[in-house]
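Report on one structure; see the data block that follows.
The values are calculated or read from the model by the stated rules, or taken from the named source; none is laboratory data. Model, not experiment: these values are computed from the prediction. Ideal geometry is used to build each Cβ from the backbone, glycine not excepted, and the neighbour counts take in all protein chains shown. Heads up: the accessible areas ignore ligands, DNA and RNA and are worked out on the full protein's heavy atoms, side chains in. Shrake-Rupley method; radii C 1.70, N 1.55, O 1.52, S 1.80 Å.
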Amino acid sequence: MYSEGSFLWESWLKIFTNDAPEAIESKFHNKDVNSYRTLMTECFQETFRILKPGHWMTIEFSNTQASIWNSIQTSLKEVGFVIANVSALDKKQGGFKSVTTPTAVKQDLAISVYKPNGGLEKRFEKEAETEAGVWDFIRTHMRYLTAFKGKAGQAEFIPERDPRILYDQLVAFYVRHGIPVPISSAEFQLGLRERFSERDGMFFLPEQAAEYDRKRMMAKDFVEAKLFVDDEASAIQWVRQQLLKKPQTYQEIQPQFMQQISGWSKNEQLLELSKVLEDNFLRYDGKNDVPSQIHSYLSSNFHDLRNKEKADPVL
């Protein structure tokens, strides 16, 4: 309740925020998740209206609820934006809540979206119900996607170039225009391989593939594509993969989870990470003996923690 947090300051200034259109979820104001999504949609509609075709907007977002994250994505797509990138943003300096609350996130998500150019929209009116419209959208969309992603000598998988994510963006574009998608997922993936260059499970325009090849040669390693999370079973499997690497806190794993559920199946009930963890994994709260997995991880990675019993207070 952001405006209420400024009530004393506004009282001194004698200038008060009009909280009726404030995009929040609040029982006091009778605003639920659907109200929040509606308010954000109205906000994005105005942004979409004034933004020039072919130009960008980036939203910085922080919330622990998958339902709120899903509302943001839905609102953006409803008004016409196309999501091109979702990245974790480590602010380094956490706020009061993130430092004192174990379930608050310490990283934000940066969502980059663009407004399709006018040329695509005009062409789409003529070819929407044909496969030509499908591939025209994909070619245009690919031009907005980064050709290479990497750091510290590593090339990274670009989720937005995954064929399943590309198909999801295509479906969203057609749904917004109220037109049935003229191609199935299987036909789409076959068509991708016939028309575009594939590299490491990702698809590129020819000139982008050449750029990727040049930069890929300079990278020492390639970070493989992560498990595609689109339902409860794959979500559980993804969390298991993350925890096999090392024990992690909720704050550490939650921003990664939010990025992964971008491709969540529309016919699957969206799950919260807290629910997935509670139902399927063990939680250690610092009491009693340290579990074997944590004991093994600490003794293997920290020299001063080796050869200690599981009941040692230091662990």
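Structure values in brief
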{"read-out": "Identity of the residue in segment 220-244, touching an Asp or Glu at 6+ places or on another chain (Cβ under 9 Å) and in contact (Cβ under 8 Å) with a residue 60 or more places away in the chain, that ends up most open to solvent (accessible area, probe 1.4 Å)", "value": "Glu224"}
{"read-out": "Residue that is farthest from Thr58 (Cα to Cα), among those in segment 107-122 that are modelled with pLDDT under 90 and among the charged types (D, E, K, R)", "value": "Lys122"}
{"read-out": "Within segment 1-70, helices (runs of 4 or more DSSP H) holding 2 or more residues that are more than 29 Å from Gln251 (Cα to Cα)", "value": "7-13, 33-50"}
{"read-out": "From Pro180, Pro247, residue being surrounded by fewer than 13 Cβ atoms within 10 Å (Cβ to Cβ), outside any helix (DSSP H, G or I) and either among the basic types (Lys, Arg) or in contact (Cβ under 8 Å) with a residue 40 or more places away in the chain (or both)", "value": "Pro180"}
{"read-out": "Check on Ile72, of a type in the set (A, V, I, L, M, F, W, C), open to solvent by 70 Å² or more (accessible area, probe 1.4 Å), farther than 11 Å from Tyr114 by Cα and without any contact (Cβ under 8 Å) to a residue 40 or more places away in the chain", "value": "no"}
{"read-out": "Set Arg139, Arg193: member being open to solvent by 60 Å² or more (accessible area, probe 1.4 Å), in a helix (DSSP H, G or I) and touching a residue at least 12 places away in the same chain (Cβ under 8 Å)", "value": "Arg139"}
{"read-out": "Evaluation of Val134 against (1) in a helix (DSSP H, G or I); (2) buried (at least 18 other Cβ atoms within 10 Å of the Cβ); (3) in contact with a Lys or Arg (Cβ under 9 Å, 6 or more places away or on another chain) (one fails), failing number", "value": "(3)"}
{"read-out": "Index of the failed condition, Ile253 passing every other in (1) in a helix (DSSP H, G or I); (2) open to solvent by less than 70 Å² (accessible area, probe 1.4 Å); (3) under 27 Å from Tyr144 (Cβ atoms); (4) modelled with pLDDT of 85 or more", "value": "(3)"}
{"read-out": "Which listed residue is under 25 Å from Leu270 (Cβ atoms), open to solvent by 50 Å² or more (accessible area, probe 1.4 Å) and modelled with pLDDT of 90 or more, from Thr146, Thr58, Thr41, Thr103", "value": "Thr58"}
{"read-out": "Residues located in segment 149-177, provided they are open to solvent by 50 Å² or more (accessible area, probe 1.4 Å) and part of a helix (DSSP H, G or I)", "value": "Pro159, Arg164, Val175, Arg176"}
